[in-house]
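Notes follow once the structure below has been shown.
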Amino acid sequence: MRYRSEIDGLRALAIVPVVLFHAGFSGFSGGFVGVDVFFVISGYLITLAIVAEHADGRFSLLRFYERRARRILPALFAVLAACLPFAWLWLAPADMQDFAISVAGVVTFTTNILAARFINYFGPSAEITPLVHFWSLAVEEQFYLIFPLFALLALRFGKSAFIALAVIIGIASFVWGHSFANRGVEGVFYWSTARAWELLIGVIAALLPAAKSGATAKSAFGLLGIGLIVFSILTLDGSTPFPAANATLAPIGAFLIIRYAQAGTVGARLLSLSVFTRIGLISYSAYLWHQPILAFYRLHYGTVTPGTAVAAVLVTFGLAQLSWAYVEQPFRKRGETASVSGRRLIAVFSFATVLSLALAAVTVQTKGFNQYFITYRINPADAPLLAAIERSTSYDPDKHLVDDGECRFWSPRFTTEIETRFKNCAGRFGKAVLILGDSHGKNIHNILAKSGLFPFQISIIWHGCRPVNAAPHCQYEDAKAFADRHSDQISVILFNQSGSYLMEDAAGRVESPQMFEPAATVHIRSDEIAGIATYLNALAEYAPTVWLGPFVEARARLSFNYQGAPTLRINPQSLILFARLDRQLQDFASQQSIWRYVSLVDAFALQPDFLHQGNCITYRDADHFSLCGEDILAAEIKAAPTEWLSLAQP
């Protein structure tokens, strides 16, 4: 297979934005699309190899999987081995248990399945999960379990039939992923069925006959491809559904580059510059190394500062160069020149896989070596604190949203079942309190439901759903129609969302950990506030509407590390920021006449020591209350209900 230096350049165009995105550099909000580019490249190269070997009558499934093993496994296990001592030294038991499950996912190529259940790729949890990035390798290997046999079968009918099948399956995969992404289905980002179309774009690029366009046209298409990828990197972010329509630009760009940026074109000359091809050659190792470096730093030391981010990127590519030269290359050779024979390869990595699974099983069985951690790693007097932290942070919040079986209930969206239940409850209790919001709205739902103030409380709430530029699966447009239909059965609509999305750091990033560093530069997003006001104005046409302002977020360390127990006090900078935001929102709301604003900063009046109340850690993460934190606030509301009851009588 002829070497194309521009493909290595394309790899560089993929890996650099991915690393910079995860490191938190501004201007790379869509850097995650580099993975989409890798999928296209992978489908292209694998198909070229299969078609060429099939044409020569020498294709072998055994040889195919040996080649994949030599390409993937050496660096994979090297990175896992390097991660183990840091996990052992730095992770608390709950984190250690999660890490062990991740290791099992990596060696069985099921990380994407685990991530789809537990990790929001664009949320804080992904930033502190060292092995989450192996999801993309899992997608590829799941694809390649089936693809070689599919290719051999399709080739019996000729390349045209193969292309037609790839197009049909690719369209089905895209429609499948697009549909679920727009409906807000959890984890679709990681599904191999929702990503197969990207690999199949590469397959189609390999099967199509050589482009016969002139040099000028080829250069234009190649540059357009580069432009589409760069545009995606600079403009996309995690606020819109993915993979959906917006996911097509980078893969199409990669397709155009592969097909048209051939030797002699402007795009090929650009991508073939030595700086790009050098980075492209080590891109696989760089991809494996970057996430553990960043995640372990965040777990151990906290926020990645700009200087630390630069250092992490340099370390990433330094380690990538070493592992490419001394791990990847020795294993890549096959046949008589192989330094490791096929049989030895199987033996070594079979043993490594079994050992990894055994270690993972022991770690899970011992709950992250919990007893060892208590006995030897921390002050035994801190054992109750460790238990309290794990109790408050290690649970699925969606499974603990209040539904009393009567008329206090919730849903992520308006459905016919919700409509029916609403009507039944309206017949029993009269007017409802309707709550709308994101994941912070879930906390508000639970607090008010636990307080018992409102016998008829319905909450339509879902994480990541905010009214400005809301994703199609979010509830806000349907809420207006629902309020219109039931205006005489709603006493008040309460809206609440995360305050971190109303602020941005100096680089323009929302919900940025850097905002909560001392002396950080933080800007209030006035346009976002105005957009929310516009939405509330529309809601208030149907029913009395109240904006329950943002509550203070903890933004503090909740885990043990090398310094010992966390201090467990709300970040002072967070108290300052949310007081500032709340004052601005109150000033803004004073100019509105159609809806009211109620300050939760004032209503909850949280002090720094609220984070640790007896055996309760009141936040489950940086910005959400825990179950016992909700209980404490609900009890306070129940003890002094007058002001809260007035919400339903605006």
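Side notes on the structure shown:
- Taking amide H as placed 1.01 Å from N in the peptide plane, the amide H of Gly123 sits under 5 Å from none that are at least 5 places away or on another chain.
- Out-of-range pairs (alpha-carbon distance over 32 Å; input Lys367/Lys638; Lys399/Lys431; Lys212/Lys333): Lys367/Lys638; Lys212/Lys333
- Taking the Cα centre of the stretch 290-438 as reference, the dipole from Cβ charges on Lys and Arg (+1) and Asp and Glu (-1) amounts to some 380 debye.
- With helices as the sole contributors, the chain gives -18500 deg cm²/dmol at 222 nm; each DSSP H run of n ≥ 4 counts as -39500 (n - 2.57), and the sum is divided by every residue.
- Förster-model FRET efficiency, 41 Å R0, Thr420 and Asn120, C-beta, rounded to 0.05: 0.85
- Charge dipole (the stretch 297-441, unit charges on Cβ, about Cα centre) - positive-most of Tyr376, Leu436, Val348: Val348
- Amide H contacts of Tyr619 (H built 1.01 Å from N, in plane; Pro and chain starts excluded): Ser626 sit under 5 Å, all sequence-distant by 5 or more or on other chains.
- Percent RCO, i.e. relative contact order, over the stretch 4-151, from Cα pairs under 8 Å lying at least 6 residues apart: 17
- Phi-derived couplings, Karplus 6.51 cos²θ - 1.76 cosθ + 1.60 at θ = phi - 60°, listed residue by residue for the stretch 612-625: 10, 10, x, 8, 10, 9, 7, 10, 8, 7, 5, 9, 10, 5 Hz, with x used for Gly and Pro.
- Working from Cα pairs under 8 Å separated by at least six residues, relative contact order for the stretch 493-650 is 21 percent.
- Look at the dipole of the chain built from charges on Cβ: of His22, Gly253, Ala533, the Cα furthest out on the positive end belongs to Gly253.
- By accessible area, using a 1.4 Å probe on protein heavy atoms only, the chain has 61% of its surface on carbon and sulfur.
- According to the Cα-based calculation, Rg over Rh for the stretch 237-325 is 1.07, with Rh computed by the Kirkwood formula.
- Dipole in debye (nearest 20) - the chain, about Cα centre, beta carbon charges: Lys, Arg +1; Asp, Glu -1: 2420
- Taking 1.002 mPa s as the viscosity and 20 °C as the temperature, the Stokes-Einstein diffusion coefficient of the chain based on its alpha-carbon Kirkwood radius rounds to 80 µm²/s.
- Ratio of the Cα radius of gyration of the stretch 77-190 to 2.2 N^0.38 Å, where N counts its residues: 1.35
- Whole-Å distance, taken between Cα centres, linking the stretch 78-115 and the stretch 153-228: 32
- By average C-beta atoms within 10 angstrom, highest first, the peptides 534-540, 380-386: 534-540, 380-386
- By accessible area with a 1.4 Å probe, ligands and nucleic acids excluded, highest first: order of Arg156, Arg67: Arg156, Arg67
- Compactness of the stretch 304-405, taken as the C-alpha radius of gyration over 2.2 N^0.38 Å, stands at 1.77.
- Solitary cysteines of the chain, where the nearest other Cys Cβ is not under 4.7 Å: Cys83
- Cα-based radius of gyration of the stretch 591-650 once divided by 2.2 N^0.38 Å, which approximates compact folds: 1.33
- The residues packed around Tyr284, meaning those with a beta-carbon under 15 Å from its beta-carbon, carry a net charge of +3 if Lys and Arg are +1 and Asp and Glu are -1.
- Note that the stretch 133-149 has calculated 3J(HN,Hα) couplings of 5, 5, 4, 6, 5, 4, 4, 4, 5, 5, 4, 7, 5, 9, 4, x, 5 Hz, one per residue in order, obtained from phi through the Karplus relation 6.51 cos²θ - 1.76 cosθ + 1.60 (θ = phi - 60°); glycine and proline are x.
- Taken as Cα centroids, the stretch 122-152 and the stretch 340-400 sit 22 Å apart, rounded to the nearest whole angstrom.
- Dipole magnitude (debye, nearest 20) for the stretch 188-332, charges at Cβ of Lys, Arg, Asp, Glu: 340
- Centre-to-centre separation between the Cα atoms of the stretch 408-438 and those of the stretch 584-609: 26 Å.
- 37 °C / 0.692 mPa s Stokes-Einstein diffusion coefficient of the stretch 1-94, Kirkwood radius on C-alpha pairs, µm²/s: 201
- Pairwise Cα distances in the stretch 508-650 exceed 23 Å in 45 percent of cases.
- Placed amide H near Arg4: partners under 5 Å, 5+ positions off or other chain: none
- When the chain is described by a simple charge dipole with +1 on each Lys and Arg Cβ and -1 on each Asp and Glu Cβ, the residue from Ile146, Ile570, Ala78 located farthest towards its positive end is Ile146.
- Length-normalised contact order of the chain in % [C-alpha pairs under 8 Å, at least 6 apart]: 15
- The chymotrypsin sites (Phe, Trp or Tyr not before Pro) of the stretch 1-91 that DSSP puts in a loop, and whose beta carbon has at most 15 other beta carbons within 10 Å, are Tyr3.
The values are calculated or read from the model by the stated rules, or taken from the named source; none is laboratory data. This structure is a prediction, so every number in the text was calculated from the model and none was measured. Glycine gets a Cβ as well: all are built from the backbone with ideal geometry, and neighbour counts include every protein chain shown. Accessible surface areas use protein heavy atoms only, side chains included; no ligands, DNA or RNA. Shrake-Rupley method; radii C 1.70, N 1.55, O 1.52, S 1.80 Å.
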